[in-house]
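Presented below is the structure to which this report refers.
The values are calculated or read from the model by the stated rules, or taken from the named source; none is laboratory data. None of these values were measured; they are calculated from a predicted model. Cβ placement follows ideal geometry from the backbone for every residue including glycine, while neighbour counts extend to all protein chains displayed.
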Amino acid sequence: MNFLIKNGRVIDPANGIDKLADILIKNGRIAQIGKNLKVKGKTIEAEGMFITPGLIDIHTHLREPGREDEETILSGAKAAIAGGFTTICVMPNTNPCIDNKTVVRFIYDRAKATNLCNILPIAAITKERKGKELTEFGELVKAGAIGFSDDGDSIGDSRIMRRALEYSKIFTKPIILHCEDTRLSAGGVINEGWLSANLGLPGIPKQAEEIIASRDLMLAELIGARIHIAHVSTAGSVELIRQAKKKGIRVTCETCPHYFTLTEDAAKDFDTKSKVNPPLREEKDLRAIKKGLADGTIDVIASDHAPHSAEEKEKDFLAAPFGMVGLETTLPLSLALVERKFPLSQVIAKLTINPAKILGIDKGSLSIGKKADITIIDPKVRWILKTESLKSKSKNSPFLGRKLKGKAIYTIIGGKVFSNP
């Protein structure tokens, strides 16, 4: 189907484009960008809206296979589309784990059957994510794994970590790292500090993240490998990464909207929807995260979408699982940065071309001839996040009831248009 997107503000950081223009789509691909274009067929009026490359989430947890009561590939894809994401990368903490070619192929087969957004599997670094034995990197890459991570768990054995980095160089796939000294964080459920002491909850010190981040940066320097550090949450981690980049260490990193929007105070009433790992930190960490986003230390904004059932999240704070859903709130919370003087193109880059480059996938731009993966955003629309409006099977968001601004009105995937009323 051929159609035209008219009169929108086209923002394509990959090609340095930020202008009012039309985009012509032919046979599912971007055919032309310019003024006063014509087409015989459908026209989408985008006046007052942003037209961007399709958003990419480098860090999503879908629960299929294993916990389809919390999320499926189908429901996760629907949530992604509602949030403006055309491509999502799924982490391997499923059951069974994405640590063999059979599960990688299962993910692709289920994604193809849903026929919605692009779903790309990230395979485990170690078998069953136990940190003991490396997976078969070559077999997993051949099956379609686009990267490796034991996310949810940190690799405690530095020798295993070194070997993983050596293999990642051979196969030129990113290693995505969950940095946590689990002996230091053991039993913790909230940021360690005044609030944890006041609430009587065991804390997770910032150093639990920073110690492993420091180790992994040193190993990356030793091997000459590239690493990607997931869900950065502390001022110390931001500074470690900033200095590592200055030294020429091949590191990229991400943070999530909850780390630049909320502090540990969100959990002061024992709200388990705010229980996440790494935990929400202090105001000074939030400010450091924003500074890292502004100066380019932090490359990517990711959702870390982590669905859990209401029954699990309604347990007491100690027993409830870590995680919150985020696919449907990442865009408006990121756009809120623009109102705080962040350049819009910089925010869009962190949701499009930057993750595409890290993953080595041919997405994240509006280049002529590319598949038409496009997000059309109304930056002015105001809405309230409600339980019944969430497409995710799980509703564990601390932003429920919050007034949000900005929404993906259309999500276009390979030329197929999805409307998000």
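For the stretch 168-209, name all the residues that are buried (at least 20 other Cβ atoms within 10 Å of the Cβ) and assigned to a helix (DSSP H, G or I).
S168, S185, S196, A208, E209
In the stretch 137-190, what count of residues is obtained for those that are aliphatic (A, V, I, L, M) and free of Cβ contacts under 8 Å to residues at least 24 places away in the same chain?
Matching residues across the stretch 137-190 total 1.
In the stretch 55-71, what residues are touching a helix residue (DSSP H, G or I) at 6+ places or on another chain (Cβ under 8 Å) and surrounded by fewer than 24 Cβ atoms within 10 Å (Cβ to Cβ)?
E64, P65
Which of the residues belonging to the stretch 309-336 are within 19 Å of C256 (Cβ to Cβ), outside any loop (DSSP other than H, G, I, E, B) and hydrophobic (A, V, I, L, M, F, W, C)?
Those that are within 19 Å of C256 (Cβ to Cβ), outside any loop (DSSP other than H, G, I, E, B) and hydrophobic (A, V, I, L, M, F, W, C): M324, L331, L333, L335.
Part of a strand (DSSP E or B) and among the hydroxyl-bearing types (S, T, Y), is that true of T86?
Values: part of a strand (DSSP E or B): yes; among the hydroxyl-bearing types (S, T, Y): yes.
Considered against the rule, which asks whether it is part of a strand (DSSP E or B) and among the hydroxyl-bearing types (S, T, Y), T86 comes out as yes.
Could you identify the single residue in I298, I249 that is at pLDDT 95 or above, aliphatic (A, V, I, L, M), in contact with a strand residue (DSSP E or B) (Cβ under 7 Å, 6 or more places away or on another chain) and over 18 Å from I204 (Cα atoms)?
I298
For T94, all conditions in the list (1) closer than 28 Å to H178 by Cβ; (2) touching a strand residue (DSSP E or B) at 6+ places or on another chain (Cβ under 8 Å) hold save one; what is the number of the exception?
Status for T94: all satisfied but (2).
Any residue in the stretch 386-400 that is more than 20 Å from P307 (Cβ to Cβ) and not aromatic (F, W, Y)?
No - not one qualifying residue is present in the stretch 386-400.
Given the options L318, L366, name the one that is over 19 Å from the mean Cα position of the chain (by Cα), over 24 Å from R402 (Cα atoms), of a type outside the set (S, T, N, Q) and not assigned by TED's automatic domain parsing to the domain that holds C89.
Working: L318 fails: not assigned by TED's automatic domain parsing to the domain that holds C89.
Of L318, L366, the one residue that is over 19 Å from the mean Cα position of the chain (by Cα), over 24 Å from R402 (Cα atoms), of a type outside the set (S, T, N, Q) and not assigned by TED's automatic domain parsing to the domain that holds C89 is L366.
Quick one: which of A244, A230, A197, A208 is in the same structural domain as K284 (by TED's automatic domain parsing) and free of Cβ contacts under 8 Å to residues at least 12 places away in the same chain? If you could, list the steps in order and put the result at the bottom.
Working: A244 fails: free of Cβ contacts under 8 Å to residues at least 12 places away in the same chain; A230 fails: free of Cβ contacts under 8 Å to residues at least 12 places away in the same chain; A208 fails: free of Cβ contacts under 8 Å to residues at least 12 places away in the same chain.
Answer to the selection: A197.
Residue check, T87 against (1) in contact with a Cys (Cβ under 7 Å, 6 or more places away or on another chain); (2) more than 20 Å from S365 (Cα to Cα); (3) touching a residue at least 60 places away in the same chain (Cβ under 8 Å), all met but one. Which one?
So T87 meets the others, but not (2).
Please specify each residue of the stretch 337-360 satisfying the condition of being assigned to a loop (DSSP other than H, G, I, E, B) and aliphatic (A, V, I, L, M).
Within the stretch 337-360, L337, L351 qualify.
Among the listed residues G66, G54, G76, identify the single one that is of a type outside the set (A, V, I, L, M) and at positive phi.
Values: G54 fails: at positive phi; G76 fails: at positive phi.
Just a single option satisfies the conditions, and that option is G66.
Restricting to the stretch 387-400, and then to whatever is in contact with a Leu (Cβ under 7 Å, 6 or more places away or on another chain) and part of a loop (DSSP other than H, G, I, E, B), can you tell me which residue is farthest from P257 (Cα to Cα)?
S392
What strands (runs of 3 or more DSSP E), lying completely within the stretch 1-77, carry at least 1 residues that are charged (D, E, K, R) and within 28 Å of the chain's Cα centre (by Cα)?
On the way: elements: 3-12, 17-26, 29-34, 42-45, 50-53, 55-60.
In the stretch 1-77, 3-12, 17-26, 29-34, 55-60 are the strands (runs of 3 or more DSSP E) which contain 1 or more residues that are charged (D, E, K, R) and within 28 Å of the chain's Cα centre (by Cα).
Given the conditions (1) of a type in the set (S, T, N, Q); (2) surrounded by 20 or more Cβ atoms within 10 Å (Cβ to Cβ); (3) within 23 Å of A235 (Cα to Cα), and given that T135 satisfies all but one, which numbered condition is not satisfied?
(3)
Testing E136 on (1) under 21 Å from the mean Cα position of the chain (by Cα); (2) more than 23 Å from G364 (Cα to Cα), one condition comes back false. Which one is that?
(1)
If you check V238 against the conditions, is it at pLDDT 95 or above, in a helix (DSSP H, G or I) and not aromatic (F, W, Y)?
Yes: the conditions hold for V238.
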